[in-house]
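Inspection log for the structure reproduced underneath, given as structure tokens.
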Amino acid sequence: MLARQRQELILDAVRTDGGVRVSDLVARLGVSDMTVRRDIDELARRGLVSRVHGGATAAGSSVEEPGFAVKSTLRTAAKRAIAEAAATLVEPGASVALSAGTTTHAVASVLLGIPRLTVVTNSLRVAEVLHAAPRPDLTVVLTGGERTPSDALVGPVAVAALRGLHVDWLLMGVHGMDVEAGFTSPNLAEAETNRALLDSARQVAVVADNSKWGVVGLSTIATLDEVDVVVSDDGLEPEARQVLEQCCGRLVLAA
């Protein structure tokens, strides 16, 4: 199969599903990992896809937001490691807010091992994980609101539900993190709701893998110095580590 034919198939898959993994393309196309990566690099150079760790997604702008199903297939090992590291911040009996996202979805599963928690969330996916556990000592508070592609509940109803709440920790997923733009979201309503979550928390931890560095969404949720902890993975580039260590209260890198 010619390179152009392979690239057309990759592009079709990205357009159909919103994203693809290198491992899936290797199996589908019958070529090496390196060949697939070169094809993705070429498509990214032409502005047709966005290269991410382990695959490719649709070429995005600051307002484009992949769905939960697409994002959940990317960087699963890193998200699990980040989730386990983030959960160590939470003590038994604590109150915790979880924003929407695939990384916070992973965090929710790990939090099931901590007794006597109260969890506030605007994520339908997170609520499903927590409600499925037979835990009488677990209280789950789900905000109302309008549903986004990432299965977040956002808007004035969600913001109103969060007013007056006071939680020990907010564990927040983000679309991107950048030295100038801070922590961002491509969705204006979700950014507003995340700011309400942030206002409700005594301490804030951002959970985000290294591919989020340098990505800028439409709306800033918080500046880098407004969070207490950033939990990322050890693939985070040295420049990003230096910036986050200087600007944030603490940087935790999961192996």
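The values are calculated or read from the model by the stated rules, or taken from the named source; none is laboratory data. This structure is a prediction, so every number in the text was calculated from the model and none was measured. As a convention, Cβ positions derive from the backbone with ideal geometry for all residues, glycine included, and neighbour counts pool all protein chains shown. Surface accessibility is based on the protein's heavy atoms, side chains included, excluding ligands, DNA and RNA. Shrake-Rupley method; radii C 1.70, N 1.55, O 1.52, S 1.80 Å.
Between rounded, prolate and oblate, where does the stretch 81-130 land on the alpha carbon gyration tensor, with a ≥ b ≥ c its root eigenvalues, rounded for a/c under 1.5, else prolate if a/b exceeds b/c?
Working: a/c = 1.79, a/b = 1.20, b/c = 1.50.
Oblate, because a/c is 1.5 or more while a/b does not exceed b/c.
Computing FRET efficiency as 1/(1 + (r/R0)^6) for Leu9 and Ala77, where r is the C-beta to C-beta distance and R0 is 22 Å, gives about 0.25. With protein chains left intact and a 1.4 Å probe, residues in the chain average 45 Å² of accessible area per residue.
Placing a label point 7 Å from the Cα of Glu180 along the Cα-to-Cβ direction, the residues of the stretch 206-250 whose backbone N falls under 12 Å of that point are 216.
Apolar share of the accessible surface for the chain: 50 percent from carbon plus sulfur atoms, 1.4 Å probe.
Using r as the Cβ-Cβ distance of Arg147 and Gln203, and R0 as 30 Å, what FRET efficiency do you calculate, to the nearest 0.05?
Numbers: r = 28 Å, r/R0 = 0.93.
It comes to 0.60.
If r is the Cβ-Cβ distance from Arg51 to Cys247 and R0 is 25 Å, what FRET efficiency results, to the nearest 0.05? Calculated transfer efficiency: 0.45. Sequence-ordered 3J(HN,Hα) estimates for the stretch 193-204 from the Karplus curve with 6.51, -1.76 and 1.60 and θ = phi - 60° stand at 5, 5, 5, 5, 4, 4, 5, 7, 9, 6, 9, 10 Hz, glycine and proline given as x. The Cα atoms of the chain cover 59, 40, 34 Å along the three principal axes, with the biggest extent listed first.
What fraction of the DSSP beta bridges in the chain is antiparallel, stated in percent and rounded to the nearest 5?
40 percent
Rounded to the nearest 500, the helix-only mean residue ellipticity at 222 nm of the chain stands at -11500 deg cm²/dmol, with each DSSP H run of n ≥ 4 adding -39,500 (n - 2.57).
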